[in-house]
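Single-structure report; data block below.
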Amino acid sequence: MERKPLDSLISKTGLWVSRNGHLHGIRSCETSQKYIRITMDCGEVIQVRNSRSSRAARSLRNHKYHKPCKRCRLAEDRIKEFSNKTSRKDEVRVTVRTVQSSQFNSARSEIPDMTVLSGDLQPSNTTKQPAHRSPAEKPQPAVAQTFKPQSRTQQPKITKPTNHSFQKHAKPEKNEFTQTQKNRILSLLAPNEMISFSKEKRSFAELESVLLTQRKKDLRTMYEDSRENMLGKLERTITEFFVDMGFLEVKSPILIPFEYMERMGVGEDKELSKQIFRVGDNMCLRPMLAPGLYNHLRKFDNVLPDPIRIFEIGPCYRKESDGGNHLEEFTMLNFCQMGSRCTRQTLESIIGDFLDFLNIEYEIVADSCMVYGDTIDVMHRNMELSSAVVGPIPMDMDWGINKPWIGAGFGLERLLKAKHDFKNIRSVARSESYYNGICTNL
């Protein structure tokens, strides 16, 4: 059976079940795309999500409540009808009015939290008093009323009070964090912070509160000091470096024909094609910058002076988000030089000058890949920063290139992770959850 959303159940029953089980009548109800604002007959106003599986939705769907609200003054027939689960399908007790989200949210600050209902928090006196009592009669203690006089032969045994002074004091239980709580705490840590959950003495609520306060302070400090996004700032720094080195900056389309990937040796029959985001039948989001650079080199050949030096910085997309070093959307830097002096020594010299400029430690190792064959990998500890190639290679003829060339590609997010020792690459990527490595889900 399909579960109806909360506004549908309210419209059908005209009733509301609060958290403490009190059954309320509904005077009016307004709904936006996500929320519902409900005004009770007793005057209380609450705001809740329009959910199919919330506690309130289950209570209304199953007709469960503790007792009716006294201030709402519900009629007996409405309560009986709700309890017997025989409400008529064609009856609409409450008109649910749809309002714009902006109008709905503007009044949100004036609405009390749904967990605080003044009508439901009245203390109840459950102690029953005698029906008749003379003025001279004094109330007897409850203990005296529970025992009757007994004969000596039936005297109860007197139990000696336990001497608690000899009992061992129970050791305080060790704080244990669930995996969800651990992930939340780790997301709130700054890049230079560490934590040991096995030695942590604070509770999750206390620890989260401390970290939230510090992260808010960090974000305010960033706003007052620099106001520069790390990823954008690094892109501008790299652009300035390569322009000063004599490279020409180019910008290629992000949406490219899938034919370009076939020229790169990544056809539909290849395993790597599963990492490509297809758009329609013939287009895709570029997973690399190489196709655009190939086209620019061919068009600039015999126009620009030898050697031709170009670079590009831009977003790329691959279906490989597993692990702490991969992203589905990432920013690439590719530089290449075509013509004279295209040797491995020149390539390693450019890479060395670039990483020294960024103050990042590295080492160069030999490797190979399906697209380019033999490559030169640039490593920072166990993380690959770049894959570099010394051409020519066989696929050059498919792009109309017939001269020697050298080139390398770097992931900007990995450069930031290496430079600032970030634990997770997502904290420095294009994100709405982080700003410069600081969590914004506060």
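The number of residues in segment 16-25 that are crowded, with 19+ Cβ neighbours inside 10 Å and touching a helix residue (DSSP H, G or I) at 6+ places or on another chain (Cβ under 6 Å) comes to 3.
The set of residues from segment 412-442 being assigned to a loop (DSSP other than H, G, I, E, B), under 14 Å from the mean Cα position of the chain (by Cα) and surrounded by 19 or more Cβ atoms within 10 Å (Cβ to Cβ) comprises ALA429, GLY437. Scanning segment 374-383 finds one or more residues that are at pLDDT below 95, among the hydroxyl-bearing types (Ser, Thr, Tyr), assigned by TED's automatic domain parsing to the domain that holds SER349 and farther than 27 Å from GLY232 by Cβ.
Restricting LEU211, LEU255, LEU231 to those that are loosely packed, with under 12 Cβ neighbours inside 10 Å, of a type in the set (A, V, I, L, M, F, W, C) and in contact with a Leu (Cβ under 9 Å, 6 or more places away or on another chain) reduces the list to LEU255. For segment 387-398, check the following and say yes or no: at least one residue is modelled with pLDDT under 95, in contact with a helix residue (DSSP H, G or I) (Cβ under 7 Å, 6 or more places away or on another chain) and crowded, with 19+ Cβ neighbours inside 10 Å. Scanning segment 387-398, I find at least one residue that is modelled with pLDDT under 95, in contact with a helix residue (DSSP H, G or I) (Cβ under 7 Å, 6 or more places away or on another chain) and crowded, with 19+ Cβ neighbours inside 10 Å, so the answer is yes. In segment 336-386, of all residues being among the aliphatic types (A, V, I, L, M) and under 34 Å from the mean Cα position of the chain (by Cα), the one that is surrounded by the most Cβ atoms within 10 Å (Cβ to Cβ) corresponds to VAL378. In the set (1) part of a loop (DSSP other than H, G, I, E, B); (2) closer than 16 Å to SER11 by Cβ, CYS29 fails one condition alone, (1). Filtering segment 296-315 for residues that are assigned to a helix (DSSP H, G or I) and of a type in the set (S, T, N, Q) leaves an empty set. Restricting ARG278, ARG298 to residues that are of a type in the set (Lys, Arg), touching a residue at least 24 places away in the same chain (Cβ under 8 Å) and either at negative phi or in contact with a strand residue (DSSP E or B) (Cβ under 9 Å, 6 or more places away or on another chain) (or both) narrows the list to ARG298. Beta carbons closer than 8 Å, at least 6 apart along the sequence or on distinct chains, pair a first residue in segment 9-20 that is on the phi < 0 side of the Ramachandran plot and in a loop (DSSP other than H, G, I, E, B) with a second that is among the polar types (S, T, N, Q) and at pLDDT below 85 for ARG19/THR115.
If I filter segment 235-249 for residues that are of a type in the set (Gly, Ala, Ser), assigned by TED's automatic domain parsing to the domain that holds SER386, in a loop (DSSP other than H, G, I, E, B) and closer than 25 Å to ASN359 by Cβ, do I get at least one hit? So far as segment 235-249 goes, yes, one or more of its residues are of a type in the set (Gly, Ala, Ser), assigned by TED's automatic domain parsing to the domain that holds SER386, in a loop (DSSP other than H, G, I, E, B) and closer than 25 Å to ASN359 by Cβ.
The condition (being buried (at least 16 other Cβ atoms within 10 Å of the Cβ) and either more than 22 Å from ILE406 (Cα to Cα) or at pLDDT below 95 (or both)) is satisfied by just one residue among LEU293, LEU285: LEU285. A count restricted to segment 62-91 and to residues that are modelled with pLDDT under 85 and touching a helix residue (DSSP H, G or I) at 6+ places or on another chain (Cβ under 8 Å) stands at 3.
The values are calculated or read from the model by the stated rules, or taken from the named source; none is laboratory data. Computed from a predicted model, the values in this text were never measured in an experiment. So basically every Cβ, Gly included, is an ideal-geometry build from the backbone, and we count neighbours across all protein chains shown.
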